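The values are calculated or read from the model by the stated rules, or taken from the named source; none is laboratory data. Owing to the predicted nature of the structure, the values given are computational and were not obtained by experimental measurement. Positions of Cβ are backbone-derived with ideal geometry, glycine not excepted, and every protein chain shown enters the neighbour counts.
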Amino acid sequence: MARVTAGVTTSHIPAVGAAIDLGKMEEDYWAPVFKGFEFSKKWIAETKPDVIFLCYNDHASAFDLKIIPTFAIGCAEEFQPADEGWGPRKVPMVKGHPEFASHIAQSVIQDDFDLTVVNEMDVDHGLTVPMSLMFGQPDAWPVRVIPFAVNVVVYPPPSGNRCYNLGKAIRRAVDTFDEDLSVQIWGTGGMSHQLQGPRAGLINKEFDANFMDQLISDPAALSQVPHIEYVREAGSEGIELVMWLIMRGALDEAVDVIHRFYHVPASNTALGHLILENHA
Ligand code: DHB
Ligand code: FE
């Protein structure tokens, strides 16, 4: 059977992708950022997942105001990097797993969550930057990916509680897929950041540290934090953090922290990164 072997969270800052693509990783500003992923790259090369169920948000690249799915599951064979205004990033095409994605859609929808099934979709920095941070710059990604787009860009976003319970439904779906697959679940985005308005540049280290602590040790309590508190404490884009709760819902209650990293600022954003495994 398929099984969830680890959860990964990381910010998905587009300037980090540009730093990788333009060979700036050694520069003084960027070197401390990439140092936080040295362990992660070794870890993932050793743990070799077959599939990543990758929760991210689309930033008006694949979807726009015409259609706003709250949760969209990518069921295609492949997904191209999106053109976000500077041409698509020169990263490999993302290979999907249509059969597994369809099983998850079937299971999760029958489990009372409404998903939008998407058979054609380009994927933006929300997905490609975490891939680059974890896998570097290979000619082809060494893993298949099921893109799972969560709307946190246009009101209304889903609550943390809904995301946490959705993670549990995704876990049930993975556990019932009859193929021997090592599956990681990723939550991207965050941490505290606000990109516009009078509070642009907002970073809240204390909120971020507490969020990571609670995500690890008491996610059920963390899932009760209302949307308005994310906006107030973590900035308007801090709401991306609800995707970390999807990841956490798919793991066991007790987890081991394999890696934890935090760095501010990177671009306008507090960069946070966790690797969690079910408690051995
Ligand atoms: C930045 C961060 C994001 O999460 C994003 O989607 C766009 C920009 C930033 O920090 O610049
Ligand atoms: Fe973002």
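Summary of computed values
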{"item": "Residue pairs meeting the criteria (Cβ under 8 Å; at least 6 apart or on separate chains; first without any contact (Cβ under 8 Å) to a residue 40 or more places away in the chain, in the range 197-226; second among the polar types (S, T, N, Q))", "result": "Gly197/Ser236; Arg199/Ser236; Leu202/Ser192; Leu202/Gln194; Phe207/Ser192; Ala221/Gln214"}
{"item": "Elements of type helices (runs of 4 or more DSSP H) contained in the range 2-85, each with 1 or more residues being touching a residue at least 24 places away in the same chain (Cβ under 8 Å), within 16 Å of ligand 2 (Cβ to nearest atom) and closer than 19 Å to Asn151 by Cα", "result": "14-21"}
{"item": "Any hit, the range 238-251, residues being more than 16 Å from ligand 1 (Cβ to nearest atom) and not in a helix (DSSP H, G or I)", "result": "yes"}
{"item": "Residue in the range 169-185 that is surrounded by 21 or more Cβ atoms within 10 Å (Cβ to Cβ) and more than 27 Å from Glu253 (Cα to Cα) present", "result": "no"}
{"item": "Val152 being within 16 Å of ligand 2 (Cβ to nearest atom) and either of a type in the set (D, E, K, R) or within 27 Å of Asp218 (Cα to Cα) (or both)", "result": "yes"}
{"item": "Sole exception among (1) in a loop (DSSP other than H, G, I, E, B); (2) over 17 Å from Asp175 (Cβ atoms); (3) not small (Gly, Ala, Ser) for Phe113, by number", "result": "(2)"}
{"item": "Tally, over the range 118-139, of residues that are polar (S, T, N, Q) and buried (at least 20 other Cβ atoms within 10 Å of the Cβ)", "result": "2"}
{"item": "Gly7 being at pLDDT 95 or above and within 23 Å of Asp139 (Cα to Cα)", "result": "no"}
{"item": "Within the range 86-107, tally of residues that are assigned to a loop (DSSP other than H, G, I, E, B) and touching a Lys or Arg at 6+ places or on another chain (Cβ under 9 Å)", "result": "2"}
